[in-house]
Every structure is written in C-alpha cells, then in structure tokens.
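Everything on this sheet refers to the single structure shown next.
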Amino acid sequence: MRSVVVASNLKKNYNGFEAVRGVDFKIFQGQCFGILGPNGAGKTTIVAMIYCFHPLSGGDLQVLGRDVNLEPREIKARLGVVPQDNNLDQELTVRENLLIYASYYGIDKKVAKKRAEELLKFFGLLSKADQQVEQISGGMKRRLTIARGLIHTPEILILDEPTTGLDPQSRRLIWAHLRQLKKEGLTLVLTTHYMEEASQLCDDLIIMDR
C-alpha cells in the first residue's frame, strides 16, 4: 500500500506548552486511520498540522508526497476536512451550503450541482435540500458537514471527532456512511475519544495521552 501521510518526530508547541511531543506514524491509501485519546491529548493539533492549519514546531510531515512546510496550498486542495464544530451557514439551505463551498474550489456550477445532488442522496438529505440548515436536526447537520468536505472529491477526508454529541442512532448512521466511503477507496483520518468508534471503523490507529 502507498503511504499518503508520513510523520516523523512530529512536534507542536504553543507558547512553551508541548501539545505534541515527537510522534511518528504512517497512513496508507484506502485505510481508515484513527487517532484515539482523551480530550486534550493533541489529536486535533495533529490533524490541523496534516491539513496545514498549524505550522510544525519540529519534525517532518509529508502529505500526499508533499512537504507541509513547502506546499501547503497544493495539499489543502486535495484534502477534505470535517471540523469538530458544525460551522455551516445556518441561514442558507442545505443545498446552498454545498454549492457555495464548491465555488471556493472553482468547481464549475453544473458539475457542483450534480455533485451536490449525489452527496445529498448518499447522505439521505435530498428531502431536506431546500430547508435552511437551522431547521434540520443535529445528526443531519453532521452529515451535511461531511458531505461538504467531500464536494471537491478529495483524496483524504479528515474527520475530527465526527460523532461527538450525537445520539447512538445518528452515530451508527454516520459510521455506515464512512464504511461505504472507505469501501469506495477514500482514505479516512479519524480522531475520536470513543473506543467503540475506533474499533468499528479503524484499520490502524495510534493512541495518544499526555
């Protein structure tokens, strides 16, 4: 299998606080890779370095064969990111959230519309497509956030605690969608503090603490 993320002695400091303390791992194409640990362990910091949001304090990090320090723009264009919070535009409709996000990547309107319809159908959101986001449930908002991260057909999808705060039924529905995405060949990087979630989804994982 081809490695798509390689971290060597990865470090991150915040004003003297050591958030990530020399971590090594590899993520391979087509797998679901988990980062498991309690709140404050450094999980979000690691994925933020992968998608080039936080600069490295030390070590080396290669994503899709590129150095995060030298080619962040090229890396970002090939990644999908699902943050912890549903930072959707509440006043726009479900469909509009996808189409506007597609425009950030310069996707042709016809292509974006077709892709949005496919994602809405995949995530069971077609019947809610014309409703404002503020009117749909928390589980649906989470599915929409994942759909938004897929609108530009990324090579890696990063999910930062994707089911935190959801009821068991919504959580299992999202698990089913993620399994299908992996089956289709998409590489997933998942942070979680749920051991059951890691056991259900992950092919490989690292455990972080302190």
What does the charge count near I206 come to, summing +1 for each Lys or Arg and -1 for each Asp or Glu among other residues with Cβ under 14 Å from its Cβ?
0
What number comes out for the charge environment of F53, summing +1 per Lys or Arg and -1 per Asp or Glu over other residues with Cβ under 12 Å away?
+1
Per DSSP H run of at least 4 residues, take -39500 (n - 2.57); add these up for the chain, divide by its residues and hand me the 222 nm value, nearest 500 deg cm²/dmol.
-10500 deg cm²/dmol
Reach of K182 by Cα under 23 Å, taken over lysines that are not fewer than 8 positions away in the same chain
K26, K43, K76, K114, K121, K141
Between the alpha carbon centres of the range 187-210 and the range 1-73 the gap in Å comes to 15 Å
Could you pull the accessible area for D130 with a 1.4 Å probe, rounded to 10 Å²?
120 Å²
Return the long-range amide H neighbours of A19 (sequence gap of 5 or more, or a different chain), with a cut-off of under 5 Å between placed amide H atoms.
K12, N13, Y14
Rank these by accessible area, largest first, 1.4 Å probe: Y51, Y14.
Y14, Y51
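Hey, if we sort R142, R171 by accessible area with the 1.4 Å probe, largest down, what's the order? Could the numbers behind the result be given before it?
Working: R142 5, R171 40 Å².
I get R171, R142, largest accessible area first.
The values are calculated or read from the model by the stated rules, or taken from the named source; none is laboratory data. If you're wondering where the values come from, they're calculated on a predicted model, not measured in any experiment. FYI the Cβ positions are ideal-geometry reconstructions off the backbone, even for glycines, and counts take in every protein chain you see. Side chains included, ligands, DNA and RNA excluded: accessible areas come from the protein's heavy atoms. Shrake-Rupley method; radii C 1.70, N 1.55, O 1.52, S 1.80 Å.
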